[in-house]
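What follows is a short report on a single structure.
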Amino acid sequence: MGKDAVIHFLGDVSFNDAYVGLYKKGIKPFNEVGPVLAKADYVIGNLESQVIGAQGENLLKNPRVKTEKETLNYLHDLDIDLVSVATNHTYDGLRDGVVQSFAFLDEHKILHVGASLEQVDAYKPITLEVNEIKFGFLNYVHQDTHPSTPKDADVYLNYYTRDKILNQIDALRKEVDFVVLLFHWGGLTDYGFYPHHTQISEAHMFLDRGADVIIGHHTHTFQAIETYKGKPIFYSLGNFCFADIYSGKKLNKVRVSGKEGAIVELKFNAADKTTSYKLIPIANEDHMLKLAPGLSKKYAWRNFKFFFVKNIIVFRWCYYFYRANIEPLQFYFEASEKNWFQRIRDLNFKKVVGFIRFILNMKKKEGF
C-alpha cells in the first residue's frame, strides 16, 4: 500500500453571473487559493452552475443558476479532478445545458458523478485510486432542496433515498478502501449553521453501514462538523465561490455567511482505515477568494454550540424557530433596497403566516 492520500474538498462551486464577466475580462479570482489546492493529491468540488444552452431555462426552478461554457475553464485554476453534479440546479439550463457542461468536463478529463443523460448511469459510483488507495464516491441530491425538474425531464439525477444509499454502500464497501458520500441536502436549514436533526440520525446510519466520510453541500453556509465513531461528517461546506443570482428580474443576493467557507483537507490512511482532517478557511471578497485563517475561531465556536443544538431539545426548538421565521424576515428587511415603509407594505401574507405554521408543525417535525 502506498503513502497516505490527501484530498481537498470544496463547497459549492458556481461560476454564475459576475464570474462570467470576470472570466471575459481575464481576471483570475482564485490566484490565492490555487497554490493551496495544487498541493493535494486530488481535488473534489460540487459544481453548482451548469451551462445555459440554446433550449432556454427550466422555468419551474427559481432562482436559476447559470454560466457560460467558457467560464468553466476556471475549474483548471482550482486543479479540480472530480465534481459532484447531483444538485438542485442541474437542470436549470435544460438538457442542452447539461450536454454542454458534461461535454466540457469530459473533454478536459474532469470526472463527474451523480447525474447523467442516461438513467442507469446516474446511479453509478465513481471508483478510482489515489496513491494506490481505492476510493468510491456516491453523490445524491435530496428532494428537500427542490430540484424542480419536470416529470418528463431527459436528464437523470441520483435522488437521495435511504434504502438506495444503504444498498449502494453495501455493494461499494466490498470494492474499495474508503466510501465517501457526497450529499446535496439540508433544504430544511438553508443558510443555517446546523443540520436538521433528521440529517444527523441518517448520517449516523450511513456511517454505521460502512461509509467512511460524509461531505455535504447546498446550505450556502459552512455548517458544524461532527466526528462519529472516528468518522467525519461535514454537514455542509457552504459556498466555495458563488455570485449574486439574477434570475429573471429578481436579484437573489448571497448573504454575508455565504461568503465564508473552508477547504477541507482530508488525509486517508489505508493501512489502519483512518482519516484525519484540517480546515483551510476562505472568504469571498468581491468574488476574489482569499485565505481567511481568522475564521477558524468562528467555526470552533459554532461547533461548540452544536452540542447543545444536537442534544438538548429546547435549544434545537429555539434554533429552528429562529431559522424558519425570524431570520428570513431579518434578511428581508436588511437586503431590500426599498425604504422601511415600502418593505413593510410589501411584506406578504405568506411570510407572516410562517410564524403560525411553524408552531403548528413543530410537534410533527420534532416528534414530541
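What the table shows:
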| read-out | value |
| --- | --- |
| Relative packing of peptides 207-214, 273-280 - highest average C-beta neighbours within 10 Å first | 207-214, 273-280 |
| Low-density loop positions, trypsin sites (Lys or Arg not before Pro), the range 83-147 - DSSP coil, at most 11 other Cβ in 10 Å | 109 |
| Computed E for residue 167/residue 251 - FRET, C-beta separation, R0 25 angstrom, nearest 0.05 | 0.05 |
| Dipole magnitude (debye, nearest 20) for the chain, charges at Cβ of Lys, Arg, Asp, Glu | 1600 debye |
| Over 31 Å [Cα-Cα, the chain], rounded percent | 33 percent |
| The range 154-168 - phi-based ³J(HN,Hα) in whole Hz, Karplus 6.51/-1.76/1.60, Gly and Pro as x | 9, 10, 10, 10, 8, 7, 6, 9, 4, 4, 4, 5, 4, 5, 6 |
| Inter-part distance where the range 71-133 and the range 1-57 are each reduced to a Cα centre, Å | 12 Å |
| Pairs from 259/297; 231/273; 28/290; 267/305; 134/273; 3/273 whose Cα-Cα separation, in the structure shown, is over 22 Å | 267/305 |
| Local net charge near residue 52, Cβ-Cβ under 14 Å (Lys/Arg +1, Asp/Glu -1) | -2 |
| Placed amide H near residue 15: partners under 5 Å, 5+ positions off or other chain | 49 |
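Read-outs throughout are calculated quantities, based only on the coordinates presented, and are distinct from any laboratory measurement. Please read all numbers here as calculations on a predicted model, not as lab measurements. Here the Cβ is made from the backbone with ideal geometry for all residues, glycine too, and neighbour counts use every protein chain on show.
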